[in-house]
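The values are calculated or read from the model by the stated rules, or taken from the named source; none is laboratory data. Quantities reported herein were computed from a predicted structural model and do not represent experimental measurements. Backbone-built Cβ (ideal geometry, glycine too); neighbour counts: all protein chains shown.
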Amino acid sequence: MSSAHYQALEPQTSDEDNEDIERRHHQSNSRSCTACATSATTTAHPAHAMVRKGGVARRRCLVPLAAGALFFVAFCYLTLSADTRLALGLGGGAEDSEELSHHGIGKQWSPLMETRPADWLLRYTRHDEPEGEDRAADEEEFQGNLSHRTQEIDDYKWNFKIEEQRSQQIHIRKWHRFKPMIHGMNFRPLNETVHICSESYEDRRQFMQDKPQSEYGQLPVIYFVTPTYPRREQIPELTRLAHTLLHVPRLHWLVADDQEKCNGFMDTLLYRFGIPFTHMVSPMPSKFRNEKPAPRGVANRRAALQWLRQHNLTNGILYFGDDDNTYDLRLFSEIRKTQRVSMFPVGLIADYGVSGPVVRKGKVVAFLDSWVAGRRWPVDMAGFAVSLEYMSQYPYVNMPYKPGYEEDLFLRSIGLQMNLIEPRGNNCTEILVWHTQTKSKKLGMVRLESKYLDDRSNLGALLHNLKLMGVASTTESEGRDALISKNGKEKPHSKILS
Ligand code: UGA
Ligand code: MN
């Protein structure tokens, strides 16, 4: 599909477009009203009018009809609920305007978006980006997935009713203009079971940067949420990240692993750093795992959000920091100032090598990102931070399983508005975080007789550790014998290991 075609698939309506549309409606309405009044006069004296105006009068007969139809559409638009409007194909309606879109996803919702704009893959240039036939197959699959959504909506509606009965905050829901059917396409209520593997609230670091820990006591805590998943690069990524975080005072590291079972190796590793942390597991639901693209890091971020909610935290700052990004230490001092929502550019994103806010006179006015696709907040997950005090006012905080739209829909769920955004990084002129990506490879395989995996050499323990870390495995039968050499020459295993 050409890029022009992709563009055609995308919802293109902008706030300015909406204003234009409204203006046009207004003009045409007033025009039809005049026509109405005139035609009312003409119907009172039809014959006379025919004689005087001829063909013009015929056209005038159509005008009241058109005006009536317009009036009907306007009436539906203003009186029906957004859900009904959507069902009737009348669009998102009132939520489209800047002022009213506080919480709804209004105009951006459309059945097309449910299929995900086909160019979502262009968001990030990835090694595994499908091409040609594969890509066409993916797109077909997107369409196919649509039918599964109906059940999802029903489940959601049911959950929503239960929640509504339990909740004492119906007035808050109304105020936030929560639209279950609109949100239902993407939002499941945040009801993840949070399974904690291990945690430590003790900060065992004595010095951070050039000061003793005690001097940082007054700073708000940064809750650094890292979704991670088992693959051979996992431990190295987390180790590298930990060595950045080791310099950051007053930080609680929420490591949320996308797998079923806790991994003892990881618990030990995290504890060893001495940074306060919570290690939890929250696997991606299997129905999403087979989807292409899968919603990466969503189940685990949702679990972290749930953890924050369960702890009733209303003080501190939330930041979503993936395990493979590169963080400048200045980022942390910047986000610690967050009053509501901070934003800043992220380097190495997609085509432009950057994604971030456009700032004028110290205010965020727009965004620079090569993939818009109807996203009101076209930013990367690493490009914003949220104050927990602000977030706690929004009971429907959520992150939907919708690849490419996680940031946007999360930020909508906390009612973000342009004037609330605090530009950071010297008015968004500096890069404080980089979207680095590590090339992923399949598990290593070392062919070695198991009788040599004992303590006669280091290899038994080394390969055992690599297995625990999910980096490499041993085999007795597959592939070539492991190469063991001395003085530049391959040696039989028995010669060195027995
Ligand atoms: C980009 C953004 O930086 C992510 O924040 C965003 O979630 C993601 O796109 C998306 O929208 O899919 P990208 O580098 O393309 O990230 O993706 P990854 O780094 O592979 O995954 C994002 C995070 O989710 C990582 O921390 C990764 O460890 C985690 N992840 C990935 C899982 O937890 N499970 C997976 O199956 C894959
Ligand atoms: Mn990444």
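Among the residues of the range 407-419, is there at least one that is outside any loop (DSSP other than H, G, I, E, B) and touching a Ser or Thr at 6+ places or on another chain (Cβ under 7 Å)?
Residues of the range 407-419 that are outside any loop (DSSP other than H, G, I, E, B), as a first pass: 407-413, 418-419.
Subset that is touching a Ser or Thr at 6+ places or on another chain (Cβ under 7 Å): none.
Within the range 407-419 (the criterion being outside any loop (DSSP other than H, G, I, E, B) and touching a Ser or Thr at 6+ places or on another chain (Cβ under 7 Å)), the answer is no, since none of the residues qualifies.
Table: residues versus (1) β-branched (Val, Ile, Thr); (2) within 16 Å of ligand 1 (Cβ to nearest atom).
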{"site": "195", "(1), (2)": "no, yes"}
{"site": "198", "(1), (2)": "no, no"}
{"site": "216", "(1), (2)": "no, no"}
{"site": "239", "(1), (2)": "yes, yes"}
Notebook entry, point to check: Which residues, taken from the range 325-361, are surrounded by 17 or more Cβ atoms within 10 Å (Cβ to Cβ) and of a type in the set (Phe, Trp, Tyr)?
Noted result: 327, 332, 344
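Residues to consider are 302, 272; find the one that is away from ligand 2 (no atom under 16 Å from the Cβ), free of Cβ contacts under 8 Å to residues at least 12 places away in the same chain and charged (D, E, K, R). Spell out how you get there, then give the answer.
Values: 302 fails: free of Cβ contacts under 8 Å to residues at least 12 places away in the same chain.
Of 302, 272, the one residue that is away from ligand 2 (no atom under 16 Å from the Cβ), free of Cβ contacts under 8 Å to residues at least 12 places away in the same chain and charged (D, E, K, R) is 272.
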Next item on the list: Mind listing just one residue for me: the one in the range 318-345 that is farther than 23 Å from residue 237 by Cα and part of a strand (DSSP E or B) and, of those, nearest to ligand 2 (Cβ to nearest atom)?
Entry: 343
Next item on the list: Kindly check whether there is at least one residue in the range 378-394 that is within 18 Å of the chain's Cα centre (by Cα), assigned to a loop (DSSP other than H, G, I, E, B), surrounded by fewer than 19 Cβ atoms within 10 Å (Cβ to Cβ) and not hydroxyl-bearing (Ser, Thr, Tyr).
Entry: no
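Mind telling me which of the residues 213, 206 ends up being among the polar types (S, T, N, Q), surrounded by fewer than 14 Cβ atoms within 10 Å (Cβ to Cβ) and farther than 30 Å from residue 442 by Cβ?
Working: 213 fails: surrounded by fewer than 14 Cβ atoms within 10 Å (Cβ to Cβ).
One residue alone meets the criteria, 206.
Looking for something within 16 Å of ligand 2 (Cβ to nearest atom) and part of a helix (DSSP H, G or I) - is there at least one such residue anywhere in the range 250-260?
The first filter runs over the range 250-260 and keeps only residues within 16 Å of ligand 2 (Cβ to nearest atom), leaving 255-258.
From the residues that got through so far, the ones that are part of a helix (DSSP H, G or I) too are none.
No, the range 250-260 contains no residue that is within 16 Å of ligand 2 (Cβ to nearest atom) and part of a helix (DSSP H, G or I).
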Margin query: Looking only at the range 346-377, filter to residues that are in contact with a strand residue (DSSP E or B) (Cβ under 8 Å, 6 or more places away or on another chain), assigned to a loop (DSSP other than H, G, I, E, B) and in contact (Cβ under 8 Å) with a residue 12 or more places away in the chain; which one of those is farthest from ligand 2 (Cβ to nearest atom)?
Written below: 362
Checklist line | Single condition residue 465 does not satisfy, out of (1) within 16 Å of ligand 1 (Cβ to nearest atom); (2) farther than 24 Å from residue 322 by Cα | finding: (1)
Check: Between residues in the range 284-297 that are within 15 Å of residue 381 (Cβ to Cβ) and assigned to a loop (DSSP other than H, G, I, E, B) and residues that are more than 11 Å from ligand 1 (Cβ to nearest atom) and modelled with pLDDT of 90 or more, which pairs lie under 9 Å by C-beta distance while being six or more apart or on different chains?
Finding: 295/400
